[in-house]
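Have a look at the structure below, then the notes.
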Amino acid sequence: MSEKEHSEKIISEEQQGNTLTLEKIQDNTRKLYIESYGCQMNFSDSEIVASILAQEGFNTTTQLEEADLVLVNTCSIREKAELTVRKRLEKFNAVKKINPGMKVGVLGCMAERLKSKFLEEEKIVDMVVGPDAYKDLPNLIQEIDEGRNAVNVILSKDETYSDVAPVRLNSNGVTAFVSITRGCDNMCTFCVVPFTRGRERSRDPQSILEEVNDLWDRGFKEITLLGQNVDSYLWYGGGLKKDFDKATDMQKATSVNFAKLLDMVALAQPKMRIRFSTSNPQDMTLDVIETMAKRENICNYIHLPVQSGSNRILKAMNRLHTREEYFELIDNIRRINPECAISQDMIAGFPTETEEDHQDTLSLMEYVKYDFGFMFAYSERPGTLAARKLEDDIPAETKKRRLQEIINLQQKHGLFRTQQHVGKTEEVLIEGPSKKSDAHWMGRNSQNTVVVFPKENYKVGDFVNVKINDCTSATLIGEAVEYSKNN
Ligand code: SAM
């Protein structure tokens, strides 16, 4: 299994563009074809969209040609993601010639940035809907039904979709994502998210608990709490994170931070596995790590993107922590929770990055020895501070070479980490058949490492203790010993 396939809970490359489907509702007559690109957040949003449209008389289809409405949930994070979506839009337009009644809509992160280009200049879509406007879909669909173009890209201060029960698209019935925040206030200079998804707001903890309890009742065994920056979660009765200063004393006293939320969720469903993603080092606090150590059902895994190992580059990226502070955080995680796996996101070739900066990244990796990693070449995004202030001056060749060095080192560390599991017996939650062998199950241990083992009589959704006999740099290979006590 390649590093990319392993892709923890970040949506893997092969799932990009998956057509999402759900069970048919008898009375629904219109057909929706929906494709998603990008991060988990986008895939999770598509579940909200499908839920809203199921109420509007739509069933999902995997047959593009028979669709009445085609929606593509888009990603802007790197140029490549946008180019992929453009190609798909060309394909949809070709199909429109065969099926002229078909309408095409763009959802998500590309909506705001490219609305006039798509609707007015190129006329390749009928509808453009930003990530905070999905509740307006029924009105927008009516507009396009009546032959007009429709657009709503308004970013909201308080929309969290807490009152929409997401349907689970293409679900394995075992693991699910639960959104807890939307938007991001961090303003990393390379990142387009604050512009495409707006300011950070947190979802009411009660509605999060209701969703988690409902998932448990429906047989789900693991949830991942989702946000661009989960550690920044803060509920004080609604409103933007940046307005917390103006909250009343009562609101402040009863506010819920991420550590508290994590504890509430873990206690609400003590047999459910709890994960979360993504953590930003500048916002991760000791009480989160302590809560993880305290509650057995919170998995021993933190996705802790660092992006660079050089203090100069971290500053230019506006990451608001130093290399030394990051090491301190890593040391604290290892001290409080020695079993904890840690993964990274890394960007190679940020503007002005020197060989020395790059070496700092490699030496930071040597210190941490990450279990997994998601590594990218810098891609300039229009509108970001880096695009406005810094020339994209690292030649493509250099970016590529540095990226490859980072990937090679990560692979070495991945193997070092997987080897530490060999000989141990670990609890695995079965998610489904192994991609490579029908005779094997695939699941994950607490650290989020993929484990494969012979099926025997176990089934999807079982918690099984597996003796680890062998490994690759990304996969553990073992055999089941018994049901774990969590069953
Ligand atoms: N919110 C998280 C954080 O701040 O670390 C992750 C957000 S982003 C959806 C996922 C990853 O994409 C980032 O951690 C970063 O490594 C990468 N990324 C974001 N903008 C990028 C850019 N302009 N060029 C290359 N990679 C980028």
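The values are calculated or read from the model by the stated rules, or taken from the named source; none is laboratory data. Just so you know, these numbers come straight off a predicted model, no measurement behind them. Heads up, the Cβs are rebuilt from the backbone with ideal geometry, glycines too, and the neighbour counts pull from every protein chain shown. Heads up: the accessible areas ignore ligands, DNA and RNA and are worked out on the full protein's heavy atoms, side chains in. Shrake-Rupley method; radii C 1.70, N 1.55, O 1.52, S 1.80 Å.
Using just the C-alpha positions of the stretch 215-297 as equal point scatterers, what log10 of I(q)/I(0) does the Debye formula give at each q in 0.19 1/Å? Taken in order of the listed q values, log10 I(q)/I(0) reads -0.90.
Couplings 3J(HN,Hα) for the stretch 473-478, derived from phi with the Karplus relation 6.51 cos²θ - 1.76 cosθ + 1.60 (θ = phi - 60°), are 6, 9, 9, 9, 10, x Hz, where x marks Gly and Pro.
Computed on the Cα atoms alone, the convex hull of the stretch 107-230 gives a volume of 130 cubic angstrom per residue. For Cys39, the accessible area of its heavy atoms, probed at 1.4 Å with every protein chain present, is near 50 square angstrom.
Relative to the present Cα-Cα distance, how much length would full extension add between Asp243 and Leu390 at 0.36 nm per residue of separation?
49.9 nm
Coordinate range of the alpha-carbon atoms in the stretch 405-462 per principal axis, descending: 41, 23, 16 Å.
For the stretch 76-170, the list of GluC sites (Glu not before Pro) that fall in a loop by DSSP and count at most 12 other C-beta atoms within 10 angstrom reads Glu146.
Compactness of the chain was expressed as the Cα radius of gyration divided by 2.2 N^0.38 Å, which yields 0.97. Could you tally the net charge around Glu66, taking each other residue with its Cβ under 14 Å from the Cβ of Glu66, Lys/Arg +1 and Asp/Glu -1? Summing Lys and Arg as +1 and Asp and Glu as -1 gives +3. Taking every C-alpha pair closer than 8 Å and separated by at least 6 residues, the mean separation divided by the residue count of the chain gives a relative contact order of 11 percent. Unpaired Cys in the chain, meaning no second Cys C-beta under 4.7 Å: Cys39, Cys75, Cys109, Cys184, Cys299, Cys340, Cys471. Taking a Cβ cut-off of under 10 Å around Phe416, the surrounding Lys, Arg, Asp and Glu residues balance to a net charge of +2, with basic ones at +1 and acidic ones at -1.
From helices alone, the chain scores -10000 deg cm²/dmol at 222 nm; the rule is -39500 (n - 2.57) for each run of n ≥ 4 DSSP H residues, then divide by the residue total. Taking the Cα centre of the chain as reference, the dipole from Cβ charges on Lys and Arg (+1) and Asp and Glu (-1) amounts to some 300 debye.
The phi torsions of the stretch 266-276, fed into the Karplus equation with coefficients 6.51, -1.76 and 1.60 and a -60° offset, translate into couplings of 4, 6, 4, 9, x, 9, 8, 7, 10, 10, 8 Hz, rounded to whole numbers, with Gly and Pro shown as x. Accessible surface comparison of Arg168, Arg388, probe 1.4 Å, protein chains only, largest first: the order is Arg388, Arg168. Please compare each pair in Lys91/Lys315; Lys242/Lys412; Lys123/Lys157 to a cut-off of 32 Å on the Cα-Cα distance and tell me which ones are over it. Flagged as over cut-off: Lys91/Lys315; Lys242/Lys412.
Backbone amide hydrogens, once placed in the peptide plane, bring Ile298 within less than 5 Å of Ile274, excluding anything fewer than 5 places away on its chain. Taking amide H as placed 1.01 Å from N in the peptide plane, Val481 has its amide H under 5 Å from the amide H of Asn465, Val466, Lys467, each at least 5 places away in sequence or on another chain. Here each label is just a point 7 Å from Cα along the line to Cβ, and for Asn213 and Thr354 those points are 5.8 nm apart.
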